[in-house]
1. Round to the nearest 0.05 the FRET efficiency obtained for residue 213 and residue 100 when R0 = 30 Å and r is the Cβ-Cβ distance.
2. Would you mind telling me which residue in 310, 237, 121 has the biggest mean-square fluctuation in a Gaussian network model of the chain, where springs connect alpha carbons within a distance under 10 angstrom?
3. Distance between the C-alpha centers of the stretch 168-219 and the stretch 358-384? Whole Å please.
4. Among 196, 288, 187, which one shows the biggest mean-square fluctuation in a GNM of the chain, springs joining Cα atoms closer than 10 Å?
5. Starting from the coordinates of the alpha-carbon atoms of the stretch 281-349, obtain the Kirkwood hydrodynamic radius over all distinct pairs and give the value in Å to one decimal.
6. Determine the gain in length on full extension of the stretch residue 195-residue 338; use 0.36 nm per residue of separation and subtract their C-alpha separation, reporting nm with one decimal.
7. Can you give me the angle between helix 27-41 and the longest principal axis of the chain, using Cα atoms only, in degrees from 0 to 90, rounded to the nearest 10?
8. Test of understanding: in a Gaussian network model of the chain with alpha carbons linked when under 10 Å, which of 305, 176, 356 would top the mean-square fluctuation ranking?
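Here, each number is a calculation from the coordinates, and none is a lab measurement. As the structure is a prediction and not an experimental result, all values here were calculated from the model. Using ideal geometry, Cβ is built from the backbone for each residue, glycine included, and neighbour counts are taken over all protein chains shown.
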């Protein structure tokens, strides 16, 4: 494989600045992770979830890598996300599942983006859009089996079952999948997971009784994919695991490789004296004479202000603590009394891969009581995404 390094636009609509902020996305790691997940899935196919711009990694690039590695289809939240993939030339099957009133179902049907009904109202809107086009809509049915979030509510089930049977008979829609989402998948042994699966199976059996065939079912998110093979049904629907982050960190990494490395170039080195207060509020005071590194990244770029004084960065393979308050555009790192050969312009890793001794997105999340999903999907502002294809064994490009 030829070496590849591609720089995208910034992670937000803004023009990339000269701040030197880079989210490096390793597409070989994406392919590796999809291969790992296919192994866990057994006979079930893999739907790689690339919603929220691929969890901040770039939906189109991740989608291409995932499909190349054997993902059978792709999952997104909104119709707009599905249409963006189609506009970029993605031809794999796409399922979208989050629709506000007035959603452009006609555009989805025209572009062969699968839509999902979670209520009778949504089903009627999808049917109306299909009839206006003179086409059959590819329909997925999402059932609320115990998360009490999106999906057909239990008290609406009989109505949507009958309406769906009518729409299928009239060829306004073609049912493709019936699915649900687990509330407690990160607790693999919790009986609620089995209850939700049983409820989905019951819904599918009920559809069969009224003459509606169910081609495929899916239940498993990342956590269930790697811990509950018995729930796999026809498809598994991993999200965070595609990006190399463990859905249950206390159980290990499941052979996954982290995909994104966030780094910043050192903008300035400056000496500080013992007793000198640093950054807003002087929440940190130098205990001795030393050197600070100024990094041009802050909470406007996705480095949470709550992380102030609670994170490390890696520079030249060594960790250094962040000190003082994180600002909108910048933060400070204490290099101590011996900065070695560190110079302005050197790159500091905010989070990356543990096998290289770098802080991880999970570590950052744990420090402020959140989840790594929020950390990687929150990278924004002046950060530029770069796409590489790296050899997982040694990190060299191949």
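1. Plugging the Cβ-Cβ distance into 1/(1 + (r/R0)^6) gives 0.55.
2. Greatest mean-square fluctuation among the candidates belongs to 121.
3. First find each Cα centre; the distance between them is then 33 Å.
4. Among 196, 288, 187, the largest mean-square fluctuation in the Gaussian network model of the chain belongs to 288.
5. Taking the inverse mean of 1/r over all distinct Cα pairs, the stretch 281-349 comes out at 12.3 Å.
6. 45.7 nm
7. That helix lies at roughly 50 degrees to the long axis.
8. In the Gaussian network model the winner is 356.
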